Amino acid sequence: MLRRFFRRAAPARIPEALWIELLTDPVFAHLAAPQREKLKTLSEAFLRGKRFYGAHGLELTDLMLATIAARATLLILELGLSAYRGWVGIVLYPGEFVIPGRDLDEDGIMHEYDEIAAGEAWDDGPVLLSWADVQAADAGYDVVLHEFAHKLDLLNGEADGVPRLHSGLRAAEWRAGLEAAFHDFCQRVEAAASRHPPCAAQRALEQLPLDAYAAEDPSEFFAVASETFFSAPQLLAQTYPAFYHLLTRFYRQNPLCGGGRCNPTTNP
């Protein structure tokens with residue numbers, strides 16, 4: 001499939017002026033100078049190891065590739081590039097794109113449909129992204145962080161919200177923390193949708209601490225929580241402090257520590 005798209009070779013190095021511009025984004029604010037240098041080295045290695053394709057006539061630029069690389073490697077800054085092993089393709093669309101879907105109902109009837117998406121991470125396959133949505137990243141919303149969190153989740157098999165855990169994190173502890181936060185959030189979504197008239201339900205859902213899509217399943221909760229962890233850490237820490245702490249231990253970062261400075265109450 002990828003051969004139908006235009007491939008763009010990645011730059012050997014990210015130009016320093018471009019890198020400085022990228023780091024003005026608040027999502028990188030917690031990184032100290034040594035971490036920023038480490039991120040740049042990791043981003044350039046990521047660019048060398050992945051293949052980028054423009055879809056629907058999109059001409060890829062150094063800005064596009066460096067933006068995706070920096071945000072994708074932020075997740076694995078302390079985990080290593082091997083966390084993204086086993087696949088190479090990244091397909092960038094100008095905007096939202098259509099993904100064909102299939103569902104088997106309770107009667108055994110297969111239903112086919114088209115789904116509009118801003119991003120998609122395939123098991124053992126490419127990551128698909130909408131450039132318009134990459135550019136729309138804001139507090140609590142970041143399609144790159146979201147889809148690459150799915151890639152971490154898929155590393156050990158099924159997408160279930162339990163990524164491959166490193167030493168110091170027990171699977172039982174992770175599952176308990178994930179299930180508690182996910183169950184609570186599902187209850188919040190249900191309450192917001194049912195306790196308001198239809199015209200007000202959408203506004204109620206928008207006021208939730210996480211995107212309502214996080215209630216879809218534990219995998220989506222992990223992906224949404226991960227993008228919120230980096231892009232709106234205070235919100236996640238206030239709402240689900242126990243799961244926030246688990247994420248600081250998994251990612252080995254604490255986005256609440258601006259400039260790399262932590263106090264004893266916030267240090268992961």
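Within region 163-179, track down each residue that is farther than 18 Å from E120 by Cα and assigned to a loop (DSSP other than H, G, I, E, B).
Across region 163-179, the qualifying residues are R164, L165, H166, S167, G168, L169, R170.
Tally time: how many residues in region 211-254 are outside any helix (DSSP H, G or I) and either under 24 Å from D25 (Cα atoms) or among the hydrophobic types (A, V, I, L, M, F, W, C) (or both)?
The total comes to 5.
Filter region 201-232 down to residues that are of a type in the set (D, E) and either at pLDDT below 90 or assigned by TED's automatic domain parsing to the domain that holds A137 (or both), then give me how many there are.
Counting residues in region 201-232 that are of a type in the set (D, E) and either at pLDDT below 90 or assigned by TED's automatic domain parsing to the domain that holds A137 (or both) gives 1.
Before we move on, is R170 among the basic types (K, R), over 19 Å from L75 (Cα atoms) and either free of Cβ contacts under 8 Å to residues at least 24 places away in the same chain or not assigned by TED's automatic domain parsing to the domain that holds A121 (or both)?
yes
The values are calculated or read from the model by the stated rules, or taken from the named source; none is laboratory data. Quick caveat, the model's predicted, so the values are computed rather than measured. Neighbour counts run over all protein chains shown; Cβ positions are idealised from the backbone, glycine included.
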